[in-house]
1. Which trypsin sites (Lys or Arg not before Pro) in region 463-542 sit in a loop by DSSP (not H, G, I, E or B) and have at most 14 other Cβ atoms within 10 Å of their own Cβ?
2. What FRET efficiency do you get for Arg641 and Asn412 if R0 is 56 Å and r is their Cβ-Cβ distance, rounded to the nearest 0.05?
3. Where the centroid of each part is defined by its Cα atoms, how far is region 445-476 from region 576-621 in Å?
4. Only loop residues by DSSP count here, and only those with at most 14 other Cβ atoms within 10 Å; note down the trypsin sites (Lys or Arg not before Pro) in region 159-243 that meet that.
5. Of all the accessible heavy-atom surface of the chain, with the other protein chains kept in place and a 1.4 Å probe, what percent is carbon and sulfur?
6. What number comes out for the charge environment of Pro192, summing +1 per Lys or Arg and -1 per Asp or Glu over other residues with Cβ under 13 Å away?
7. Using Cα-Cα distances under 8 Å and only pairs 6 or more residues apart, what relative contact order does the chain have, in percent?
8. For Gln471, what is the net charge nearby, where nearby means another residue's Cβ is under 10 Å from its Cβ and Lys, Arg count +1, Asp, Glu -1?
Amino acid sequence: MVLDGVGVGAQPDAAAYGDEGANTLGNLARYIDLELPNLQALGLGNLVPLRGLPPVKRPGALAGRLRELSAGKDTTNGHWEHMGLVSAAAFPTYPDGFPEEVLRPFRERIGRDVLGNKTASGTEIIRELGEQHMATGRPIVYTSADSVFQIACHVEVVPLEELYRYCEVARGILTGPHAVGRVIARPFTGEPGAFVRTKDRQDFSLEPTSATYLDLLAERGVPVIGIGKIHQIFAGQGVTEEHKVASNAENLDLVARFLRQGREGLIFTNLVDFDMLWGHRNDLEGFAAGLRTVDQALPGILDLLGPADRLLLTADHGVDPTTVSTDHSREYVPLLYIPRPPAAPAAAYCGTMADTGATAFRHLTGEWPPLTGRVLDELNPEDGWKPYPTVFAYLPAVSCRVGDSEAREAANVLGRRLGSAPETAVILGSGLDLYVEGVKEARGLAYAEIPHWPEGSVMGHRGRLLVGRRQEVDLCVLRGRVHSYEGFDLSELQLPVRTLALWGVRRLVVTNACGGLDPGLRVGEVVRVELVLDLQTPESDGRPACLPVSPADPSAGLPTPDTRPVTYVALPGPQYETAAEVRAFRALEADVVGMSTAAEVRAATAAGLSVIVLSVVTNPAGQPAKTGAPAHQEVMDVSSRAVPFVHRLVDYLLGV
Ligand code: HPA
């Protein structure tokens with residue numbers, strides 16, 4: 001099953017095709033929330049980082065990326081290579097129109113001159129030249145970014161049969177160096193100003209230049225059932241049955257029908273809507289909806305697979321709808337092979353397109369494949385595998401790994417396990433864990449027990465949520481947090497705060513350790529952050545965000561303690577700031593610097609919580625460590641000595 005155009009990232013040689021950075025699925029996921037649970041379970045998110053579709057631990061399929069060896073990025077090359085035919089030379093394209101050595105014999109053999117002979121959109125060129133064509137009878141010849149020779153004629157000027165004959169003439173001429181992928185008949189009808197193309201388009205494809213696995217299967221009496229464009233792509237060679245369909249949905253229905261009927265042989269299908277309807281038109285919503293259609297059809301199809309059946313899901317090239325180009329893109333294509341061979345390692349397979357044809361041939365004939373390609377059931381586990389991408393590989397600018405539904409799920413668990421939410425929660429930063437000693441009757445949960453909550457690994461961050469009492473006031477305490485430098489994205493950094501808000505917490509005290517930029521600050525001093533200069537999570541326009549953190553109406557939320565108000569610069573970390581950065585931040589009128597807090601403040605503000613931020617100055621910024629001493633340990637030591645002050649301040653804030 002070929003999802004036409006569904007690429008998974010630029011090939012190493014993409015720059016030569018003008019496609020650097022192309023990534024059809026990956027880029028689409030940055031813009032659209034892809035909901036593809038079935039493809040995800042098979043391992044789609046293990047092939048390429050996809051926002052909202054993280055890798056799964058145990059993909060249901062052998063999941064991998066296949067490279068195209070042929071020189072090209074068109075449908076024909078892609079499909080031919082899947083079937084073992086690698087073309088060294090790209091099909092010719094004619095951005096400036098066809099040369100005389102092509103057009104002269106064409107004119108002679110059809111007995112007419114031609115119009116156009118340029119790159120054009122099909123609808124525009126009939127609008128432009130249709131009337132002239134009707135007056136002169138000359139066919140309109142045009143091309144596109146693809147390797148195509150297209151002929152448009154009005155059905156009342158050139159009868160359909162005659163147009164098809166013109167195409168056959170062109171097909172006969174377009175060989176050798178001019179062997180274009182397809183000659184296409186483009187009949188149209190209607191009056192000038194209102195021309196419409198008819199359904200009688202016909203493609204005259206180049207015959208495969210040597211044998212493919214389809215020929216070898218057909219020779220051995222194995223049925224080759226071509227659905228959609230397959231027959232045309234192979235100019236009928238090796239295809240024993242042809243089935244035309246009108247849409248991806250119809251295509252999938254037909255596949256299911258054939259499986260239900262227990263049809264034997266190779267069912268080879270191309271889902272063209274991705275390319276034709278959405279990819280070339282840069283229609284992101286359409287593309288995503290099309291993926292969803294496939295995702296929803298999959299369980300039904302998988303159910304129909306018997307023990308002797310195999311499913312190979314792949315693509316033929318990319319057509320990144322997020323780039324300005326509406327052309328194909330030189331990309332890896334996905335591979336999902338079902339059932340997953342038991343010996344396959346837990347890693348992403350790296351292969352080439354012909355691996356699909358070779359695998360199908362081996363499976364259907366029992367013979368060793370004589371053309372190129374590796375058999376997926378008989379792979380060397382030492383060879384051709386890459387670890388699944390980790391969370392660190394995600395694009396930092398997008399961050400929606402977890403969202404509302406995850407926060408709701410987590411909040412429900414807190415409600416069920418711990419009862420109703422206290423009004424106030426405190427997040428403890430580095431070194432402040434001792435704070436919990438002043439909280440009585442504490443009970444709680446490990447972060448690991450709260451669905452979707454991120455678990456970090458920074459020393460001193462215990463990863464437990466407590467509820468307890470501080471002088472008769474109920475309190476929720478978060479012992480530690482995760483940081484962006486641990487690889488968590490914004491949504492994960494914010495999930496705990498969003499969960500607390502949904503649970504019912506109304507006031508939040510955020511604590512952290514920081515470096516002092518202002519030389520007037522003492523080490524060990526606790527300050528109140530009034531503004532956050534967020535250099536951690538740039539806004540979509542790339543500028544840093546300056547967030548006010550005091551509650552707008554102090555009477556409605558937390559009172560403001562009598563400590564010095566400061567501006568806090570949030571850095572991505574984990575490295576400490578350089579001397580030049582210290583100077584620059586001073587010039588920006590910042591007072592302290594740290595590596596947390598910004599995301600939490602954003603989430604708390606968005607959820608309508610009152611929020612106060614207390615920072616312990618653990619060191620002069622830029623010099624966190626004594627020579628050779630571990631910086632983080634020093635930060636923890638100093639901030640732990642400030643715990644009594646933090647207690648006093650929070651008590652004051654709580655009015656106890
Ligand atoms: N820089 C950044 N983060 C910090 C520092 C610092 O100096 N001290 C504690 N957290």
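1. In loop regions of region 463-542 (DSSP not H, G, I, E or B), the sparsely surrounded trypsin sites (Lys or Arg not before Pro) are Arg522.
2. 0.90
3. Spelled out, the Cα-based centre of one part sits 22 Å from the other.
4. Taking region 159-243 and a limit of 14 other Cβ atoms within 10 Å, the loop trypsin sites (Lys or Arg not before Pro) found are Lys199, Arg201, Arg220.
5. Its accessible area is 51 percent carbon and sulfur atoms.
6. Value of the local net charge: -3.
7. Value for the chain: 14 percent.
8. +1
The values are calculated or read from the model by the stated rules, or taken from the named source; none is laboratory data. Predicted model only: the values in this text are computed from it and were never measured. Virtual Cβ from ideal backbone geometry, glycine too; neighbours counted across all protein chains shown. With ligands, DNA and RNA removed, areas are computed over all heavy atoms of the protein, side chains included. Shrake-Rupley method; radii C 1.70, N 1.55, O 1.52, S 1.80 Å.
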